[in-house]
Amino acid sequence: MRSENPEKHVRNGENLSHQHTPQEQGRIVEIDGKDIANVELMEPLRPVNDLLYKTARYLFTSGKFTVNAPFKGFLLYGPVGTGKTEIVKQVTRRLAYEMQDKASVRLIPVDSAVIASPRWGESEQVFNEIFAHVKELRRQVDNPKVVVLFDDIESLMLARGMSAAREWHYSLNSVLFHLVDNMNPSETMIFATTNRLDLMDIAIKTRLYSVEVPAVPMETLMKAAQGLLDSMLGQNQEEEKKMVLKDVETRLRAVEHPNIRDTRQFAIMSCIENGVLSG
């Protein structure tokens, strides 16, 4: 991989923001993969990152599959805050740098909760706009490869027959399934995330390969907390660090599915509450 801007490198996967200037056209946001901030994913997430990267790169470069491909992308599932969205961003970024001499890799992030509008026909229109934008990219960019990310896709693809599902959900499902079925994964891949796999329509599961993103173990979370305290407090205040780490572990164990975001929040707040940090 070629050298990159060190200012865009973030450690431990805790910073989920990205420093880029996305192109906005209507309701569509398009991001050049090389503009996504480099985040060092936590060790339990790296095998998933590698699997998605290798598969996407194969589909993007082999030309073996077209619209008849056995799947059109990935459905990432797991508890809230496990890094599902960040994994997709890092896969896109990695593809962009590794393939930069052959293709231009773009990310189109979609917040499913935002477009799940109860107004009849509006969400279907957004779907059509997204895929029309992908098609238009082929006229504007030399050999584009596109990752479309549907975050929290359960907001859109509720299983049929569920009490929460409405007629407009069925319409959304039909529109998206039609668009995905006509998609060529050698050019465009769908990545979707959910923390409620039980709510998902079975039809979307057959079109996307499901991959579980594991919860980060307590030992790894505590190492992340230690690293954060070292960066904030330096090599001093060792006794204060021990006190804060004990407090953080107690708080994390009280959470059903603790994650890196919880860890950072608890570490900072414990420091402030115990007078370790002050303005």
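Details
- From T85, T55, residue being at pLDDT 90 or above, in contact with an Asp or Glu (Cβ under 6 Å, 6 or more places away or on another chain), outside any loop (DSSP other than H, G, I, E, B) and not basic (K, R): T85
- Of all residues in segment 192-212 being among the aliphatic types (A, V, I, L, M) and surrounded by fewer than 21 Cβ atoms within 10 Å (Cβ to Cβ), the one that is nearest to the chain's Cα centre (by Cα): V211
- Residue satisfying condition, being over 24 Å from the mean Cα position of the chain (by Cα) and at pLDDT below 95, within set V216, V276, V255: V276
- Condition met for R93 (without any contact (Cβ under 8 Å) to a residue 24 or more places away in the chain and either aliphatic (A, V, I, L, M) or part of a helix (DSSP H, G or I) (or both)): no
- Criterion: within 29 Å of A96 (Cα to Cα) and at pLDDT below 90 - qualifying residue of N195, N236: N195
- So L208, is it over 22 Å from R106 (Cα atoms) and in contact (Cβ under 8 Å) with a residue 12 or more places away in the chain: no
- Cross-chain or 6+ apart pairs with Cβ under 9 Å, segment 100-128 first and over 19 Å from T194 (Cβ atoms) and at pLDDT below 90, then of a type in the set (D, E) and in a helix (DSSP H, G or I): W120/E167
- Exclusive hit being in contact with a strand residue (DSSP E or B) (Cβ under 7 Å, 6 or more places away or on another chain) and either at pLDDT 90 or above or not in a loop (DSSP other than H, G, I, E, B) (or both), set L76, L45: L76
- Of the residues making up segment 135-154, those that are of a type in the set (K, R) and either without any contact (Cβ under 8 Å) to a residue 40 or more places away in the chain or not assigned by TED's automatic domain parsing to the domain that holds D198 (or both) are K135, R139.
- In segment 68-102, the residues that are of a type outside the set (V, I, T) and surrounded by fewer than 20 Cβ atoms within 10 Å (Cβ to Cβ): N68, A69, P70, F71, P79, G81, Y97, E98, M99, Q100, D101, K102
The values are calculated or read from the model by the stated rules, or taken from the named source; none is laboratory data. This is a predicted model, so every value here is computed, not measured. In this analysis, Cβ positions are derived from the backbone assuming ideal geometry, glycine residues included, and neighbour counts consider all displayed protein chains.
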